[in-house]
Amino acid sequence: MVDCWWNVRSASEPPDDVPFAHRRQLALRRRASVDTSSTVPMTPPPPEPDPPSAPTAGIRLKTDIVVIGAGQAGLSAAYHLKRLGLPPNRGFIVLDHSPAPGGAWQFRWPSLTLSTVNRIHDLPGMRLADAVDTHATEVQAAVAVPQYFAAYEKAFELPVYRPVHVNVVCSRGDRLIVESDRFDVSARGIINATGTWEAPYIPQYPGANRFVGRQLHTKDYRTAEEFVGQHVVIVGGGISAIQLLDEISRVTSTTWVTRRPPEFRDGPFDEEAGRAAVKLVEERVRRGLPPRSVVSVTGIPITPAIEAMRARGALKRLPMFSDIVEDGVRWPDGTVVHADVILWCTGFRSALDHLAPLQLREPDGGIIMTGRLATQVAKDPRVHLVGYGPSASTIGANRAGSAAAGELTGFLALR
Ligand code: FAD
């Protein structure tokens with residue numbers, strides 16, 4: 001729902017449709033933890049006072065900056081806001097939709113381990129190795145990173161509230177109203193760090209609705225074993241597609257299709273190549289073009305795992321099919337390949353729907369970014385996007401968090 005309906009009502013009044021018991025609960029909570037004066041910033045309720053489903057709508061808090069999302073980008077931003085002297089809660093808060101620390105890493109498939117990820121860069125101020133045993137390379141990323149982020153939030157006493165889902169952000173005069181499923185927050189600026197995991201992308205192909213097998217996205221993948229005995233069509237030419245193809249092709253038959261021939265690159269992905277790739281993506285977002293993934297401009301580094309796949313013939317690729325039939329996929333020449341499963345490794349988009357009321361997009365759909373590292377939205381400088389476009393990597397997210405915190409506090413004259 002794209003609506004800031006509550007704006008017409010006093011923030012201190014519970015909504016009319018809240019049952020009396022809850023109204024009393026709200027009143028008690030307000031008295032206990034929320035300063036309702038119009039000028040004094042408020043302290044949010046404790047993170048888990050009630051089950052997550054308990055209604056708290058109608059309470060409006062006040063702070064200077066809301067960071068939305070507590071993945072790598074959001075935590076980096078929060079760290080820098082605190083370092084710049086903003087007091088937790090009164091100066092900034094972090095709202096995170098996930099049930100636990102770890103950003104999207106907590107949802108990644110079990111076989112993604114510290115040895116199979118590209119590289120997870122340390123957050124500012126604390127090393128991954130300080131929180132987890134990084135020599136145990138077989139440890140799941142979905143275990144190690146959440147452990148690291150939890151230790152990080154605690155060590156720096158970051159005011160992270162979860163699970164809190166931000167539904168919409170609206171502009172009201174010189175303030176931004178952040179409406180969530182738990183409470184609403186009035187702020188002077190936001191740093192949006194909602195990542196891409198919540199916005200999986202599946203391209204539309206004719207016939208998808210009549211397919212009787214199973215279709216799933218990278219996001220839904222857990223283990224190759226569930227596909228044993230089935231023929232799996234894997235769609236996509238990125239790193240995730242190749243990793244999942246590697247795993248699945250070891251236990252069952254596969255067909256791999258990509259829109260373009262994948263571009264493999266020889267040699268390690270050094271810092272210079274990384275910088276060049278980031279620059280290309282940055283130029284795109286500065287022009288308001290949709291960001292492309294960094295890998296899409298760098299190519300896929302050839303690892304020993306990819307060499308082994310080549311050697312066993314698992315990297316044979318077909319061009320994209322033209323439509324989907326009941327039990328398979330079909331190419332323009334009429335060739336049909338049977339499929340029990342279509343696995344769409346077709347990437348993600350930035351999860352920005354909650355910002356729709358701010359009308360940040362240009363008529364052609366893009367968002368023009370500005371600022372030192374292109375984190376600031378040109379149309380509304382109170383809004384920064386981190387982990388977006390050129391900063392959609394752990395190292396990019398670190399830098400973007402720092403740039404956004406510095407620029408936004410400067411713009412709002414908070415330091
Ligand atoms: P996320 O980690 O996705 O965090 C976003 C947070 O925002 C989440 O906690 C989410 O719950 C919250 N959120 C979303 N919407 C809302 C909302 N409306 N309200 C409140 N909260 C919300 N990068 C690397 O550098 N190295 C790698 O090895 C690597 N491997 C990857 C593997 C996979 C399979 C994928 C998909 C990506 C990988 N990446 C890797 C890219 C990686 O996603 C980023 O590097 C980084 O972890 C993203 O951090 P983030 O903070 O931007 O987003």
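The values are calculated or read from the model by the stated rules, or taken from the named source; none is laboratory data. Note that the coordinates shown come from a computational prediction; the quantities given were computed from them, not determined experimentally. A quick note on method: Cβ atoms are made from the backbone with ideal geometry, for glycine too, and the neighbour counts reach across all protein chains shown. Areas reflect the complete protein model, heavy atoms only, side chains present, ligands, DNA and RNA absent. Shrake-Rupley method; radii C 1.70, N 1.55, O 1.52, S 1.80 Å.
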Exercise. From the phi of every residue in segment 133-140, what ³J(HN,Hα) in whole Hz does the Karplus formula 6.51 cos²θ - 1.76 cosθ + 1.60 yield, where θ is phi - 60° and glycine or proline is x?
Worked result: 7, 6, 6, 7, 5, 7, 5, 5
Exercise. Of Arg182, Arg259, Arg382, Arg250, which has the most accessible area with a 1.4 Å probe, and how do the rest follow in descending order?
Worked result: Arg259, Arg250, Arg382, Arg182
For this session: Starting at the first residue of segment 400-415, write each ³J(HN,Hα) from the Karplus equation 6.51 cos²θ - 1.76 cosθ + 1.60 with θ = phi - 60°, in whole Hz, x for Gly and Pro.
Result: 5, x, 5, 5, 5, 4, x, 5, 5, 5, x, 4, 8, 6, 9, 8
Exercise. Between Ala339 and residues 5 or more places away or on another chain, which pairs have amide H atoms under 5 Å apart, with H built 1.01 Å from N, and which residues are they?
Worked result: Gly328, Val329
Exercise. Under 18 Å from the Cα of Lys154, which aspartates and glutamates turn up, not counting those fewer than eight places away in the same chain?
Worked result: Glu48, Asp96, Asp122, Asp130
Exercise. What ³J(HN,Hα) values, in whole Hz, does the Karplus curve 6.51 cos²θ - 1.76 cosθ + 1.60 give for segment 372-387 when θ = phi - 60°, with x put for Gly and Pro?
Worked result: 4, 10, 6, 9, 8, 7, 4, 6, 9, x, 6, 10, 10, 10, 10, x
Problem set entry | Around Gln230: net Lys/Arg minus Asp/Glu count, Cβ-Cβ under 12 Å | -3
